[in-house]
Structures are given as structure tokens and as C-alpha cells.
Amino acid sequence: MNVPDIIIAVDGFSATGKSSFAKLAATEMSFIYLDSGALYRAVTLFALENSLIAEDGTIDEAGLADALPGLDIHFERTDNGSETHIGSRSVEKAIRGMEVSSHVSPVSAIPFVREFVDGILHEAGKAGRVIMDGRDIGTTVFPDAQVKIFMTADVEIRTQRRYDELKAKGENPDYEEVKKNLLERDYIDSHRETSPLSRAVDSYEMNNSDMTLHEEIVWLRGLLQGKFGILDA
Ligand code: DC
């Protein structure tokens, strides 16, 4: 696709397929794909591994605030995309499990954690030609993004997708637990004080409950053609 050097922000609820869509769109348009949720997940993994989250879920905020400035979280390119790293260690698999999923929303609600992640995202976005997915990309991180997409999907469909994903990764998920986790995260993500998940007024909504990934890309092509008058989008 012959798309100008723009930033595309993709936001939406958990498991709406933002990353699958953004990843494929990036490949089609020769854009860089950035997964902002992976950074919150990596911070959460670090906190879990360093006993900064107690059994009852209480977060040692002072300890985390001390540790964050020295924490090296970054993406490394691989043959088929990129992997999230803490220092030299790939944490791509570890950050996708249920343990991290059940603690990431409270961690990402902490303002200094958001500042830390936003710093990494702003740096990465400088180059342009970026498609970034998350919860507040179009509202807070890149409010001037030229294209903003807000993704939604039926909760049962989202649960089934996340369930299948975990199964494929060798976990043994419980459907109701997966659904509960999604709904809890939706609630915390959209009710926190600092940059809650909300639909940017200038975003285009895509409900992909009944769409294939291919249809989502066709939808994007139509949007870009209409917006930029690109003939070969
Ligand atoms: O997209 P994800 O499910 O991997 O994101 C994990 C969590 O990170 C999500 O529950 C909320 C948080 N998050 C956020 O607060 N802001 C973002 N831009 C991206 C993710």
C-alpha cells in the first residue's frame, strides 16, 4: 500500500484483535508495528519476578518507582516481527500468560508507569510510519495521529479468541476465567484516572465480531483511500 508517512493509532478493549490487525497492516504498508500493551506487560512481569506485587495483589509502588529508571525494556526485530526484551532476555512468551494478564491492569493504572511507557512510545514513534496499538494511543500518546481506529467485538468472541490463543501457546485456560479477566481489565482500563481507555472522538470504529482479518485489511484500505485519495491503497 502506498501510504504517506503517518501514525496510525489503534485502540480498543482487550482481545479485540488489535495486535493481529495492526501487525498485518504494518506488513502490508511497510510500517513499523508497536505493541504498547507489551511494555505494560513487561513492567508487570518485572514487578512479579522481583516481589513487587504481593500475593493479595498489592503493588509496592515505591519499589517499582525506584526500579523503573534503570529498567531496559525494548523491542528487538526478528525475522517475523519483533520481540519484547528486558535487557538481553526475550520475555515475549512470559508476558502473554494469565499471571501477567491478571496483574497488568492495576500496574498500568499507576501514573509513573504510564509516563515510563509513554517515553518509550514517543521515542519509537518519532520516525513516523508507525502503527501502534493500545488503549490511549489516539487520546493521549499520539493525539495528533492522522488515523485513529477504535476496535470493538462481542465479549464471547473476544473470550474465545483469547482462549484459543492461550491454548495454542500450551496453557490450559479456563473459559470463564479468561472471560472474567477480560471484563475486569476492560473495567479497570476504562475507569482509571490517568488516560483511561475511551474512544477518541475523531476515531473510526471497527466492530470485527463477524470480520476476518482479511476483511479488516480491506476495511483499512477503504478508509485510507477515502482519507488520502490513495489509488493503490
Ligand atoms: O493490549 P494488551 O492486552 O496486551 O494490554 C495489556 C494491558 O496493558 C491492558 O489491560 C491495559 C494496559 N494498556 C494500557 O493501559 N494502555 C495501553 N496503551 C496499552 C495497554
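The values are calculated or read from the model by the stated rules, or taken from the named source; none is laboratory data. Small disclaimer: the values here were computed from a predicted structure and weren't measured. Note that each Cβ is placed from the backbone with ideal geometry, even for glycine, and that neighbours are counted across all protein chains shown.
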Quiz item: Among the strands (runs of 3 or more DSSP E) contained in the stretch 1-78, which hold 1 or more residues that are free of Cβ contacts under 8 Å to residues at least 12 places away in the same chain, more than 14 Å from the ligand (Cβ to nearest atom) and more than 20 Å from residue 106 (Cβ to Cβ)?
Solution: 73-78
Practice problem: May I ask you to list the residues in the stretch 41-96 that are aromatic (Phe, Trp, Tyr) and over 27 Å from residue 30 (Cα atoms)? | Solution: 46
Self-check item: Residue within the stretch 122-133 that is among the basic types (Lys, Arg) and part of a helix (DSSP H, G or I) present
Solution: no
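Does residue 167 satisfy the condition of being of a type in the set (D, E, K, R), at pLDDT below 95 and farther than 28 Å from residue 31 by Cα?
Against the criterion (of a type in the set (D, E, K, R), at pLDDT below 95 and farther than 28 Å from residue 31 by Cα), residue 167 qualifies.
Okay, residues lined up against (1) buried (at least 17 other Cβ atoms within 10 Å of the Cβ); (2) more than 25 Å from residue 205 (Cα to Cα):
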{"site": "111", "(1), (2)": "no, yes"}
{"site": "116", "(1), (2)": "yes, yes"}
{"site": "121", "(1), (2)": "yes, no"}
{"site": "136", "(1), (2)": "yes, no"}
{"site": "140", "(1), (2)": "yes, no"}
{"site": "158", "(1), (2)": "yes, no"}
{"site": "162", "(1), (2)": "yes, no"}
{"site": "165", "(1), (2)": "no, no"}
Self-check item: Scope the stretch 179-208; condition at pLDDT below 95, among the β-branched types (Val, Ile, Thr) and either closer than 17 Å to residue 138 by Cα or over 16 Å from the mean Cα position of the chain (by Cα) (or both); matching residues
Solution: 194
Exercise. Might you check whether a residue that is assigned to a loop (DSSP other than H, G, I, E, B), away from the ligand (no atom under 12 Å from the Cβ) and either aromatic (Phe, Trp, Tyr) or within 30 Å of residue 222 (Cβ to Cβ) (or both) occurs anywhere in the stretch 106-121?
Key: no
Practice problem: Select, from 204, 163, 187, the only residue that is within 12 Å of the ligand (Cβ to nearest atom), out of contact with any Gly (no Cβ under 6 Å at 6 or more places or on another chain) and aromatic (Phe, Trp, Tyr). | Solution: 187
Quiz item: Counting only residues that are basic (Lys, Arg) and more than 15 Å from the ligand (Cβ to nearest atom), how many does the stretch 166-184 have?
Solution: 1
Quiz item: So which pairs qualify, if the first residue must be in the stretch 100-112 and in contact (Cβ under 8 Å) with a residue 40 or more places away in the chain and closer than 19 Å to residue 66 by Cα, the second must be within 7 Å of the ligand (Cβ to nearest atom) and of a type in the set (Gly, Ala, Ser), the Cβ gap must be under 8 Å, and the two must be at least 6 apart or on different chains?
Solution: 104/37
Practice problem: Kindly check whether there is at least one residue in the stretch 58-72 that is within 24 Å of residue 165 (Cβ to Cβ) and modelled with pLDDT of 95 or more. | Solution: no
